[in-house]
Amino acid sequence: MVGTIYMVHKKQKKFFKAVAALLCALYIFNFMSAAVYAGVINRIKDIARIGGVRENQLVGYGVVVGLEGSGDKNIMTAQSIVNMLKSFDVTLDPKTLKAQNSAAVMVTANVLPFMSEGDKLDVVVSSIGDAKSIQGGVLLQTPLKGANGRVYAVAQGPVSMGQLGSGQQSAAGAKLHPLVARIPGGALIEREISSDFVADEKIEIVLNKKDFSTANAVAGAISEKFGEGFAKAKNAGIVSVQIPASFEDNVVGFLAAVESLSVQTDSASKIVINEKTGTIVLGDDVRISPVAISHNGIKLKVAAPPTPPAGDIAAQAAAARIKPGEKNVIYLNPGSTVRDMVDALNEMGAFARDIIAIIQAMKAAGAIQSEIEVI
């Protein structure tokens, strides 16, 4: 009896092992699938914004006071203080006023969409005079205006630069810039900026990166969800969407549903090069046309690979890139990618500047068709 129970237990154990193996395989498959599609499947809210919903910039002129003799020494700041004191029934001659404890500044801020009266904004305070430092100062009440000249917020409060003094350095060795500071939550919204995003029962989706394929994919995903004809790509950057009758009284709910849809994005091939750091960013689909290049002792040929010796497995494995018997010579098959070339050059020990120079020369020769951006 004990033996029978033992046999059943072994069968159960084998069964659980099989189930565990199957679950593990499914997990690995899902993980690999996610890795394959990572970067090409995105939610609409991650690649676009709603037309009419945008930030707005504000700017104002103000004075920072309470400085320790590090302020402005020009007549402009003194005149600003005199003008301000007139509202308090104090009259002074600007030429007799010493303003070393004050500094004229410009105050800037960005208003996010749908911010209401009483909401707080972070502001940036920047000296515009000859002050040496505005650390430790206090910004006096400063109206912040939009491009139309209207006041939408008012800023005031102590400026903040962190814990370092104007003559000290950060832990990374970077010298503190004492003429620009922030005031977290230093401005109050006094007037709302309306965001009109519905017109004729339609909304517009504006792509962050303009692309015809992506715009068409966005329109297709919306039409598939809500019905044919509800979305249409107007151009490479704008998709016009008709609000369904069932959502006429719930536009926010409709927008939330649209933003959560997933689409497959597309973009033109591009190579980004940072010559200062030697960084190269590229995709896997940047192909190379047949070309021969010689640079700084390195020879690169994009053509049919040389025939390896029969039976030499190691040579056959390397034939697609390095020709046996030749030093610093790389062969790439026609249709190889820039990534293949970069990998081969790295294996050879080429410097980043050499790789960058080769890529730029290949672009100039027409061997690389994708766009190259140098940052």
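The values are calculated or read from the model by the stated rules, or taken from the named source; none is laboratory data. What you are looking at is a predicted structure, and each value in this text was computed from that prediction instead of being measured. Neighbour counts run over all protein chains shown; Cβ positions are idealised from the backbone, glycine included.
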Expected output for region 84-97 (first residue in contact (Cβ under 8 Å) with a residue 60 or more places away in the chain and over 21 Å from residue 61 (Cα atoms), partner surrounded by 10 or more Cβ atoms within 10 Å (Cβ to Cβ) and of a type in the set (A, V, I, L, M, F, W, C), Cβ below 6 Å, 6+ apart or cross-chain) is none
For residue 212, the lone unmet condition from (1) surrounded by 16 or more Cβ atoms within 10 Å (Cβ to Cβ); (2) within 22 Å of the chain's Cα centre (by Cα); (3) among the hydrophobic types (A, V, I, L, M, F, W, C) is (1)
The lone condition residue 330 fails out of (1) at pLDDT 70 or above; (2) assigned to a loop (DSSP other than H, G, I, E, B) is (2)
(message) When you check residue 273 against the structure, is it touching a helix residue (DSSP H, G or I) at 6+ places or on another chain (Cβ under 6 Å) and outside any loop (DSSP other than H, G, I, E, B), yes or no?
(response) yes
